[in-house]
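The structure appears below as C-alpha cells.
The values are calculated or read from the model by the stated rules, or taken from the named source; none is laboratory data. All figures in this text were calculated on a predicted structure; none of them were measured in a lab. Cβ atoms come from the backbone with ideal geometry, glycine included; neighbour counts cover every protein chain shown. For the accessible areas, the whole protein counts, side chains as well, though only heavy atoms, and no ligand, DNA or RNA atoms are used. Shrake-Rupley method; radii C 1.70, N 1.55, O 1.52, S 1.80 Å.
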Amino acid sequence: MSCPDCFKGAIHSHSTPTGHIETLFGKETYVATPPSTSTSTSTILFCCDAFGLNIINNKLLADQYATLTGFRVLVPPLIPGGGISLAVMSVMDTLSDKVAWYDIFGQLRRIVAILLAIRYFAPFMMRANPPKAMPDILAFARKVKASLPPGAKLGVCGFCWGGYPATALCSEAAVRGGGERLIDASFCAHPSALKAPEMIVDAVTKFKVPYSLAHAGLDFNLTSKKVDEGEAILREKVGRGEGENGCWYEFKVYEGCHHGFAARAKPGDEVEMKGAEEAKYQAVEWFKRWL
C-alpha cells in the first residue's frame, strides 16, 4: 500500500490554521472557509495523506486552497482509526541515515528504529487500507454533494493515501445507481495504492470528470511508467485531454521530487519546495477552472 516516502517529510509549523472544526454528517471535520468576498457555493473535499488531521500541514494547505480558490474546503477524518502518529517521521529519518557497519551505537539505533517502525506500521496497515475505507468515504462525499445548493459543485483533492479516494470517487455517481457524476473536478498529488493505469483511466472516462495529476518524478509508489501508460491509453481512447469526447485531463511531472512532496516538502529542499508551490497552484487553477 505504501512506500517509505509516505511517512517522511517535514511538519510545517510556520503559521497557524485559520479554519475550525465542525461536525458534518457525523465526522469532526476541519473546515477552511474562503474570503468573505467570495460568492461561490462550491466545495472541495480534501483527502489527507497517511497522517490525516494529526499533521498541521493538511490544515494549512486546506486554508490556502480556500483562500486562493474562493471555495469552502472540507477536511474530514477519512482514515479508519485516524492518521498515523507523527512520531513515525523521526523513525523513518533514523532508518534513512547511513550507518557504517562498525558503528555499534548507530546499528543499535537502527534496530530500535526498526522495532518502532513495526509498532507503528503494522496496526496502521491493517486498519487503513484505502479500498476498504471507500464505502464510508463515498457515503460522506454523497452527503456533502446532496447538501450543496443548486448550481454548486463538488471538487476533490487527495495526497498520498488520500490520492486513492480522490481518484476512485471520480468513478462514482452522485446517488447510487444514478447517472449524474458525484465529483465535478479532481486533483491528485502522488497518490498511493492506485491500481494503475486502470483507475486513472476510469476516473477520466466513466463520468468525464476533469482530472489533474501532480506526479513526483522519483515516486516509487506510482511509477512514471504507470503514469505514462495511463496517459497513452487516454490519448488513444479520448484524445489529448483538451475536451475531445468531453474529457479533460492533465498530468504534470515534477522531476527531482519524491512521493509526498506536495504535502510535506522539507524547508531548505529547493527542488521539493518549488515543486510543492507549483503543485498547489496546479490544483488551484484546476479548481477555479471547473468549480
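For region 120-159, what are the residues that are among the charged types (D, E, K, R) and more than 21 Å from A193 (Cα to Cα)?
Answer for region 120-159, where residues must be among the charged types (D, E, K, R) and more than 21 Å from A193 (Cα to Cα): R142, K143, K145, K153.
Kindly evaluate D219 against the criterion of being of a type in the set (D, E) and either free of Cβ contacts under 8 Å to residues at least 60 places away in the same chain or part of a helix (DSSP H, G or I) (or both).
When the stated conditions are applied, D219 does not pass them.
Can you find even one residue in region 239-247 that is surrounded by fewer than 21 Cβ atoms within 10 Å (Cβ to Cβ) and within 22 Å of K195 (Cβ to Cβ)?
Checked region 239-247: at least one residue is surrounded by fewer than 21 Cβ atoms within 10 Å (Cβ to Cβ) and within 22 Å of K195 (Cβ to Cβ).
Any residue that is among the small types (G, A, S), farther than 23 Å from A10 by Cα and assigned to a helix (DSSP H, G or I) - is there at least one of those in region 262-282?
No, there is no match, as no residue in region 262-282 is among the small types (G, A, S), farther than 23 Å from A10 by Cα and assigned to a helix (DSSP H, G or I).
Please note which helices (runs of 4 or more DSSP H) are completely contained in region 104-188 and include at least 3 residues that are open to solvent by less than 20 Å² (accessible area, probe 1.4 Å), among the small types (G, A, S) and within 23 Å of F220 (Cα to Cα).
Where helices (runs of 4 or more DSSP H) fall fully within region 104-188 and carry at least 3 residues being open to solvent by less than 20 Å² (accessible area, probe 1.4 Å), among the small types (G, A, S) and within 23 Å of F220 (Cα to Cα), they are 163-168.
Conditions tested, residue by residue: (1) of a type in the set (S, T, N, Q); (2) without any contact (Cβ under 8 Å) to a residue 24 or more places away in the chain.
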position: G151; (1), (2): no, no
position: L154; (1), (2): no, no
position: F159; (1), (2): no, no
position: G162; (1), (2): no, no
position: L169; (1), (2): no, no
position: G177; (1), (2): no, yes
position: S186; (1), (2): yes, no
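May I ask you to list pairs of residues, at least six apart or on different chains, whose Cβ atoms are under 6 Å apart, with the first in region 22-50 being free of Cβ contacts under 8 Å to residues at least 12 places away in the same chain and the second being of a type in the set (A, V, I, L, M, F, W, C) and open to solvent by less than 70 Å² (accessible area, probe 1.4 Å)?
Hits for this filter: E22/V31.
Residue-wise test of (1) in contact with a helix residue (DSSP H, G or I) (Cβ under 8 Å, 6 or more places away or on another chain); (2) surrounded by fewer than 17 Cβ atoms within 10 Å (Cβ to Cβ); (3) basic (K, R).
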residue: K252; (1), (2), (3): yes, yes, yes
residue: C257; (1), (2), (3): yes, no, no
residue: F261; (1), (2), (3): yes, no, no
residue: R264; (1), (2), (3): yes, no, yes
residue: V271; (1), (2), (3): no, yes, no
residue: K274; (1), (2), (3): no, yes, yes
residue: E277; (1), (2), (3): no, yes, no
residue: Q282; (1), (2), (3): no, no, no
residue: W290; (1), (2), (3): no, no, no
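If you check L291 against the conditions, is it closer than 29 Å to R176 by Cβ and either out of contact with any Ser or Thr (no Cβ under 7 Å at 6 or more places or on another chain) or at pLDDT below 95 (or both)?
In short, no.
Would you tally the residues in region 49-77 being under 24 Å from P123 (Cβ atoms) and open to solvent by less than 10 Å² (accessible area, probe 1.4 Å)?
Qualifying residue count for the region: 9.
Identify the single condition in (1) over 30 Å from E277 (Cβ atoms); (2) assigned to a helix (DSSP H, G or I) that L61 does not satisfy, given that it satisfies every other one.
Going through the list (1) over 30 Å from E277 (Cβ atoms); (2) assigned to a helix (DSSP H, G or I), L61 breaks only (1).
In this structure, is F25 crowded, with 19+ Cβ neighbours inside 10 Å and either of a type outside the set (D, E, K, R) or over 19 Å from I183 (Cβ atoms) (or both)?
No, not satisfied.
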